[in-house]
Each structure stands twice: as C-alpha cells, then as structure tokens.
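Only one structure is covered here, and it is reproduced in the block below.
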Amino acid sequence: MTAADCLVQERIWFDKPRYDEAERRFYEQMNGPTQPKQDTGANSILQDIARARENIQKSLAGSAGGGAADYGELAARMKNLELENHSLHKVVEDLRSALSKMESRVSALEKRSTAPAVNGTGPAAPQKAPPAPAKEEEEEDDLDLFGSDEEEDEEAERLKEQRLQEYAAKKAKKPALIAKSSILLDVKPWDDETDMAKLEECVRSVRVDGLLWGASKLVPVGYGIKKLQINCVVEDDKVGTDFLEEEITHFEDLVQSVDVAAFNKI
C-alpha cells in the first residue's frame, strides 16, 4: 500500500485551519470584523460597573431626600436649643445681679452694726415699749364678753361622745367579711367496675355548715378507669381540706384516694 492510499484512509483534516480562516473572512465581509473574546469579557465588566454606578446614584438620590427632611428637623431642634440657652443665660444673669445686690446690702448692714462709737456715742439702741399698767390687765381679765369657756368644752365633749357611740353602733351593724375558698377535688375509685354515680352521691352526702358542693365531671385516668372531679366552696374558718379528705375517704369500698387539684381564694 502506498503512502497516498494510507492518507486516504486517515480521518485527519489537515486543511481545517485554512477553511476556518476562509470562513472567518467571509463573515467579516458580510457582518464586519468580529471582536475577540477578550473584548467581550471586558465589555461585560464595563456593563457591570455602569450598573453599579447607576444603583449607587439612585441610592444617593433617595438618601438625599430623606437627609433633607432630617436636616430640617435637626435645624429646628438646634434653633429651639439656642433659644432655650439664651433664656437660661438671661435668667442666670438676673440671679447673679440680684445676688450681688443682696451681698452689698448685707455687707452694708454688717458695717453699720459693727461701726465704733464716734465722740462717745454709739448706735442708738431700739426703744422698748413701756409695759401696760397692771390695773388695765386686771380689768380686761375680769371682763368676759363671750361667756365662760367651760360651758363650750362640756358641749364639745358631749358631742364627741355622742359621735363615738353612733360610729360604734354603725360598725357593729356592718356584717363581717367571711373568707371563702374554691376547692377542686380529684376522687379516685379502686377500679373500672366502681359505680361512679354512687361514689358521687356518697361524696355529696358530706354536709356541714360552710360547705357548698358545685359542678362535677368524670375524667378518664387510664385502662377504662375514670376519676370524679368535683368543685366545692368552703368557708375557711369552718371547713378545711383535711376535713374533706377524711370525710370522703370514709367510703372505703368506693374511694381509693382524694387529692386537691386546685385551691383558690375567693
């Protein structure tokens, strides 16, 4: 086999660069020269930079609008502070002038009081008022224009006693406040065969002064067993939780245990 025959059977395209060059020239003649790949990447970067600049300008424009309002408010506050500061300065100056005047007057009075006697004469002592004659005082004591004070004291004492008695009677009629509590009891049976209606009847049969039974319901516990949850209102001075637990647990055939689920003062 000759070399030409070998090359015919080969699949290598030796003239491909030449054909590619011819194709590039053809498209350049039709559409103009194409930009290299590096220029395309640079254009994309420039476009990103332009978009970033545009976004920054928009954000700065938006913040400039809000900043103008903030600046106006800040300017108004600064103006108010300046006015208040000016008024405070004026008040302080007035106080200082008044204090200086007062100090000068006090110093002048001190100098007058401590001045030495001139030519054997000192500052004139204040003259005392002459005492009133004793005879006139006795006459005024003897003269009673409004009657005796003892009668007024007796009348005031009598009114005071009368008001105290009225207050005591009114307080005695007022009913005393009775402390009460609301108690929620959990009464548990022995098993699921316990008659819960009879158990509730036994619980409600506990009656004593200061005890009032309320609503009740059956609450599932597990394995078909239900407990009786019953509410009652008691007077704290008459009925306690220990008393209720003892009275209910007397029904030993039906009741296994009694627990206080909730206790609230009324």
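The values are calculated or read from the model by the stated rules, or taken from the named source; none is laboratory data. This structure is a prediction, so every number in the text was calculated from the model and none was measured. Methodologically, a virtual Cβ is constructed for each residue, glycine included, from the backbone with ideal geometry; neighbour enumeration extends over all protein chains shown. All accessible areas refer to the heavy atoms of the entire protein, side chains included, with ligands and DNA or RNA removed. Shrake-Rupley method; radii C 1.70, N 1.55, O 1.52, S 1.80 Å.
Could you list, in their original order, any pairs among 227/265; 160/180; 90/111; 188/265; 173/238 whose Cα atoms are separated by more than 28 Å?
Numbers: 227/265 24 Å; 160/180 38 Å; 90/111 32 Å; 188/265 24 Å; 173/238 22 Å.
Distance filter (> 28 Å) returns 160/180; 90/111.
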I'd like the FRET efficiency for residue 257 and residue 233, computed as 1/(1 + (r/R0)^6) with the beta carbon distance as r and R0 of 25 Å, rounded to 0.05. 0.65
If you count, for each residue, the other Cβ atoms within 10 Å and average over each peptide, how do 228-235, 53-60, 207-214 line up from highest to lowest? 228-235, 207-214, 53-60
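Express in nm, to one decimal, how much length is gained between residue 89 and residue 205 on full extension, taking 0.36 nm for each residue of separation and deducting their alpha carbon distance. Working shown, then result.
Details: separation 116, 0.36 × 116 = 41.76 nm, distance 8.55 nm.
The span from residue 89 to residue 205 would gain 33.2 nm if fully extended.
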Pseudo-spin-label distance residue 74 to residue 178, built 7 Å along Cα→Cβ, given in nm, is 7.2 nm
Note down the relative contact order for segment 191-231 as a percent, whole number, built from C-alpha pairs under 8 angstrom at least six residues apart. 39 percent
For segment 149-226, which GluC sites (Glu not before Pro) pass both filters: DSSP loop (anything but H, G, I, E, B) and at most 12 other C-beta atoms within 10 Å? 193
Compute the length gained on full extension between residue 21 and residue 156: take 0.36 nm times their separation in residues and subtract their Cα-Cα distance, giving the result in nm to one decimal. 35.2 nm
By accessible area (1.4 Å), largest first, 45, 183 order as 45, 183
